[in-house]
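Bear in mind that the values in this text are calculations on the coordinates, not laboratory data. Values in this document were obtained by computation on a predicted structure and should not be read as measured data. Backbone-built Cβ (ideal geometry, glycine too); neighbour counts: all protein chains shown.
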Amino acid sequence: MAADRRAGTTALDRLRTHYDSVDMVCPKCGYEDTDGKWRSEMNGSRVDYQHLCPSCGAIRRRTIRLDSTE
Ligand SMILES: [Zn+2]
């Protein structure tokens, strides 16, 4: 488990993995959406993420700029 061999992945792949594995807890109701996902949408040089809480319906949004992450 010591080797980190992600050199071939793209920035988007890493971001997608990151958001799939963390931060699935709704800040409003505390529901942990373990089966949920952040939906990602490319918009030019940035990626918009959106997560809909199945418990209370709260929508969280995040924007990541690809050009400033590398
Ligand atoms: Zn919620």
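Read phi for every residue in the stretch 32-45 and hand back ³J(HN,Hα) as whole Hz from Karplus 6.51 cos²θ - 1.76 cosθ + 1.60, θ = phi - 60°, with x for Gly and Pro.
Each residue's phi maps through the Karplus curve to give 9, 8, 5, 9, x, 9, 7, 7, 10, 9, 6, 9, x, 9 Hz.
For R61 paired with N43, estimate the spin-label separation in nm (one decimal), with each label point 7 Å from Cα along the Cα-to-Cβ line.
0.6 nm
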